[in-house]
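Take a look at the structure below.
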Amino acid sequence: MGALLKKGSTVMIKIMLTTPAALHALLFASGEPLQKKQLAALLEIGDSDLKTVLQVLDNSLKGSGVALVETDTEVELRTAPEASTIVKKLRESELARDLGKASLETLAVIAYQTGGTDKRGGATRGEIDWVRGVNSSTSLHTLLLRGLVEGREDEHDKRRVRYSLTTEALAHLGIARAEDLPRAAELQAVAEGIIKEEAAS
């Protein structure tokens, strides 16, 4: 479904998303489980309508290699069981190659937040995305797969996951602790200040 828009002498077609398509986009962009209440609010629909939309999306994903995974309160997109063999090949190839620029950037953000002065220890996906300016879900997946970072429930917001360095990552970086990173204290203070300002705005 689309609508025609005129801009000067140019005619553009604006594609109108269906609600299931919008839900699909939200789950894909998140890369993490989303609360059903949050999804209903974002889509501006009620709980009963959300249940219907989830069913429509679930049906549309059959045979696509991607599956909808639900709990009583959360929803996320995962690879379907039937895609496990091909996904295993991808993971094996990821482990065999060097970390790319995106993964190194993500690792750096987490590293300089792991020993932060506010004692939060690490960074959330949202904080990493904000610092890098792009979606970091793929990079986080690579780092988790390699055992360089670990995720745990954020003490300040149990809906979020906070990522921090593992001992394997410290060994990879050639340091004993995150505070040993070059200019760690200065860079952590700057990063924490930026994140706090963003949260307050």
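Given the criteria in a loop (DSSP other than H, G, I, E, B) and either modelled with pLDDT under 85 or touching a strand residue (DSSP E or B) at 6+ places or on another chain (Cβ under 9 Å) (or both), does Leu27 qualify?
Against the criterion (in a loop (DSSP other than H, G, I, E, B) and either modelled with pLDDT under 85 or touching a strand residue (DSSP E or B) at 6+ places or on another chain (Cβ under 9 Å) (or both)), Leu27 does not qualify.
Modelled with pLDDT under 80 and assigned by TED's automatic domain parsing to the domain that holds Gly151: does that describe Lys89?
no
Considering only the stretch 102-138, how many residues are modelled with pLDDT of 85 or more and either of a type in the set (Asp, Glu) or part of a loop (DSSP other than H, G, I, E, B) (or both)?
Residues flagged as modelled with pLDDT of 85 or more and either of a type in the set (Asp, Glu) or part of a loop (DSSP other than H, G, I, E, B) (or both) within the stretch 102-138 amount to 7.
I need every pair where a residue in the stretch 55-67 that is under 11 Å from Ala80 (Cβ atoms) has its Cβ under 8 Å from the Cβ of a residue that is modelled with pLDDT of 90 or more and among the acidic types (Asp, Glu), sequence separation at least 6 or different chains.
From the stretch 55-67, the pairs are Ala67/Asp58.
Of the numbered conditions (1) modelled with pLDDT of 90 or more; (2) surrounded by 13 or more Cβ atoms within 10 Å (Cβ to Cβ), Asn59 satisfies every one except a single condition; which is it?
Unmet for Asn59, out of (1) modelled with pLDDT of 90 or more; (2) surrounded by 13 or more Cβ atoms within 10 Å (Cβ to Cβ): (2).
Can you tell me which residue in the stretch 62-88 is surrounded by the most Cβ atoms within 10 Å (Cβ to Cβ), limited to those that are of a type in the set (D, E, K, R) and assigned to a loop (DSSP other than H, G, I, E, B)?
Lys62
Among the residues that make up the stretch 35-42, is at least one of them over 19 Å from the mean Cα position of the chain (by Cα), modelled with pLDDT of 85 or more and assigned to a helix (DSSP H, G or I)?
yes
Provide a single number: the residues in the stretch 139-171 that are crowded, with 16+ Cβ neighbours inside 10 Å and either among the aliphatic types (A, V, I, L, M) or in a helix (DSSP H, G or I) (or both).
10
I'd like the full set of residues that are surrounded by 14 or more Cβ atoms within 10 Å (Cβ to Cβ) and closer than 15 Å to Phe28 by Cβ, limited to the stretch 39-52.
Matches in the stretch 39-52: Leu39, Leu43.
Any idea how many residues of the stretch 142-159 are over 20 Å from Lys89 (Cα atoms) and without any contact (Cβ under 8 Å) to a residue 40 or more places away in the chain?
Selection size over the stretch 142-159: 9.
The values are calculated or read from the model by the stated rules, or taken from the named source; none is laboratory data. Everything numeric here is computed off the predicted structure, so don't read it as measured data. Backbone-built Cβ (ideal geometry, glycine too); neighbour counts: all protein chains shown.
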